[in-house]
Each structure stands twice: as C-alpha cells, then as structure tokens.
Amino acid sequence: MNCPLCSKKPQIVQEYKAIDKYQGLIKDTGWHTWKYCDTCDFYMSENSETPEDRRKIYMKYWQKELRGISIKEHFGVVDLLQYTVNAGRIKWLTEQAPLTKDSKILDIGSGYATFPYMFKKIKQNVKCVEPEPTAAKFINNALKMPCVPHFYEDYETKEKFSLILMCNVLEHFEEPIKMLKKAREQLSEKGSIFIEVPDACEFKELSLDHDDFNSLHLWFFTPTSLKKMLAKAGLAVKGMTKIHYTGMGNVTVTRIGAVCHAAN
C-alpha cells in the first residue's frame, strides 16, 4: 500500500499478529499493520480482512453476542457517557455552521445514534444512514428518526442537505476521498460537513492494544493529513478542533473535529 495522499511508500510503525475481536467474528486468521507516511503525517492500516469481510463484521458489530447488552441498553450507556461532549460538539459545530428551522441534516454511519438524536432534541430535521439492521430498526422505531438501512457507499439520493455528519466513520471507509466527494455533492448551497476522526496522537497516548487501533480502523489522522485529504476531495476547512471524551473502559480518547464546505 502506498499513501493515498501522496503515493509515497509508508513505513511500518506497529504490527499485530494475533486476531482482534472483530476478526474473530469471521474466523479470520488475523493480522494487521499500521504504517506511517512522514510526508503527509498520515497513518494507514493494512490487514488480513477483505472489504467483504469488513461488511460481514459491520453487520454483526452491534449484535448482543459482541457487546453483551442490547442496542437499547447500550444507547443509554453511550448517551450518558457522551452527553456533555455531544452538547459541546453541537455548540462548536453550530458556531461554524449555523442551522435554521429549515435545515436538513444527514448522519452517516449512525450506530447508536446518540449524536444525531441530540439534533432531534433541538428540533432539527435529521435523517440517518446505518447498515446494521438492528441499529437501523432501533433508530426508526425507538428514536423516531428516519433511517436508511444501507452502507453509505450504496446510498443514493437526490436530496440536498444543509449539514452532513461523518462522526467516527471516515476511518472505516475503504475509499475515504471518494466518500467525501460523494458527501460534497449531497450538500445544499452553502451546506457544511462535520467530520470527526481518531487523532494520531493516540499512538503515543494509548496502549497499542486499545480498541481504537482495531482492524476496522483503516486510517488515523493529524490536522495536517485531514486538511490534505479534504482538499483532495474539493473541500475547504471552516474550523478545526480537538475533542476529548471518555470511551468504553473509562479511557479518554482524542478526536479531531472539522467543519468544511465545498471549495470554490
């Protein structure tokens, strides 16, 4: 694999030879390697899974046998853990990209949907895209938000959105630049995209067996590499920030948040 931002061959920084819990779902023999491009300040993963393998994992990702509790129970846990940080996200985001009562929001890869649900609480019009059927059903029926049960790669629409949320999803895309271009085309005039991705500072701050380094995460970002990727997708940054919150296991994780719009 060469760096998708500059085509330079990256250097290996970390190797895992044992399977992780996600690879175990598909009985993969399991390995993955993190590589680093010093030109772009960008981290990328190579691993034993195929794109089809990853889709199988995502379709089981929320199931009770992996998490140990139901979607409804886990929504409550995550909502409690992230309520304050979600409120802070929305405050900062709307300062960069103000919303109105007529705004239309698309949330990509909604998962438990705690973040888009907070937009619903402030009377915003939110639509979700989430491939896992149990999660999609929960979002539609329990949270009363429309949810399309598709991978974003397969989602086609003529709708235009004032705000597109890509919160902890860009690191999962096989072709992140292509997906950013797709999102850009779904923006209304003067629309914005909010992106949140894992911060590469975690390579120094977290144990390398932490779940953030799992085999489903294909990319780790710095402000430099994120800006470079956004530029390649025809997007200009309005604002960028660091986000810290307590994840599962009571460990603080770090994210880079960015609001961007179509470049002129």
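Mind listing whichever residues of the stretch 112-125 are assigned to a loop (DSSP other than H, G, I, E, B), surrounded by fewer than 24 Cβ atoms within 10 Å (Cβ to Cβ) and not basic (K, R)?
Selection gives Y112, I122, Q124.
Looking only at the stretch 225-239, decide whether some residue is surrounded by 15 or more Cβ atoms within 10 Å (Cβ to Cβ) and in contact with a Gly (Cβ under 7 Å, 6 or more places away or on another chain).
Within the stretch 225-239, not a single residue is surrounded by 15 or more Cβ atoms within 10 Å (Cβ to Cβ) and in contact with a Gly (Cβ under 7 Å, 6 or more places away or on another chain).
So for the stretch 90-99 (the condition being modelled with pLDDT under 95 and touching an Asp or Glu at 6+ places or on another chain (Cβ under 8 Å)), does at least one residue qualify?
The answer is no, given that none of the residues of the stretch 90-99 is modelled with pLDDT under 95 and touching an Asp or Glu at 6+ places or on another chain (Cβ under 8 Å).
Which is under 24 Å from A231 (Cα atoms), modelled with pLDDT of 90 or more and not in a helix (DSSP H, G or I), of D102, D107?
Just a single option satisfies the conditions, and that option is D107.
So A135 ticks every box in (1) at pLDDT below 95; (2) touching a Pro at 6+ places or on another chain (Cβ under 8 Å) but one. Which box is left unticked?
Of the numbered conditions (1) at pLDDT below 95; (2) touching a Pro at 6+ places or on another chain (Cβ under 8 Å), the odd one out for A135 is (2).
Within the stretch 162-181, which residues are within 10 Å of I195 (Cβ to Cβ) and among the polar types (S, T, N, Q)?
Listed by number, the list holds a single entry, N168.
Would you say L180 is part of a helix (DSSP H, G or I) and either in contact with a Pro (Cβ under 8 Å, 6 or more places away or on another chain) or crowded, with 18+ Cβ neighbours inside 10 Å (or both)?
It is true that L180 is part of a helix (DSSP H, G or I) and either in contact with a Pro (Cβ under 8 Å, 6 or more places away or on another chain) or crowded, with 18+ Cβ neighbours inside 10 Å (or both).
Mind listing just one residue for me: the one in the stretch 25-46 that is farther than 24 Å from K228 by Cα and at pLDDT 85 or above and, of those, surrounded by the fewest Cβ atoms within 10 Å (Cβ to Cβ)?
Result: W31.
Of all residues in the stretch 185-219, how many are closer than 22 Å to E175 by Cβ and either aromatic (F, W, Y) or surrounded by fewer than 16 Cβ atoms within 10 Å (Cβ to Cβ) (or both)?
4
Could you grab me the full set of residues in the stretch 225-256 that are assigned to a strand (DSSP E or B), hydrophobic (A, V, I, L, M, F, W, C) and without any contact (Cβ under 8 Å) to a residue 40 or more places away in the chain?
Within the stretch 225-256, A236, V237, M240 qualify.
Can you pull out the residues in the stretch 165-213 that are of a type in the set (A, V, I, L, M, F, W, C), within 19 Å of Y22 (Cβ to Cβ) and either in contact with an Asp or Glu (Cβ under 7 Å, 6 or more places away or on another chain) or at pLDDT below 95 (or both)?
V197, L206, L208, F213
For the stretch 126-175, which positions are over 26 Å from T100 (Cβ atoms), part of a helix (DSSP H, G or I) and either over 15 Å from the mean Cα position of the chain (by Cα) or acidic (D, E) (or both)?
P133, T134, A135, A136, K137, F138, N141, E153, D154, E171
Looking at K120, K127, K181, K160, can you tell me which residue is closer than 13 Å to I105 by Cα, touching a residue at least 40 places away in the same chain (Cβ under 8 Å) and basic (K, R)?
K160
Give the stretch 2-24 a look and list any residue that's surrounded by fewer than 17 Cβ atoms within 10 Å (Cβ to Cβ) and aliphatic (A, V, I, L, M), or say none.
If the condition is that a residue be surrounded by fewer than 17 Cβ atoms within 10 Å (Cβ to Cβ) and aliphatic (A, V, I, L, M), then I12, V13, A18 are the ones that fit.
Residues in the stretch 149-168: is at least one aliphatic (A, V, I, L, M) and in contact with a Gly (Cβ under 6 Å, 6 or more places away or on another chain)?
No, every residue in the stretch 149-168 fails to be aliphatic (A, V, I, L, M) and in contact with a Gly (Cβ under 6 Å, 6 or more places away or on another chain).
The values are calculated or read from the model by the stated rules, or taken from the named source; none is laboratory data. Quantities reported herein were computed from a predicted structural model and do not represent experimental measurements. In this analysis, Cβ positions are derived from the backbone assuming ideal geometry, glycine residues included, and neighbour counts consider all displayed protein chains.
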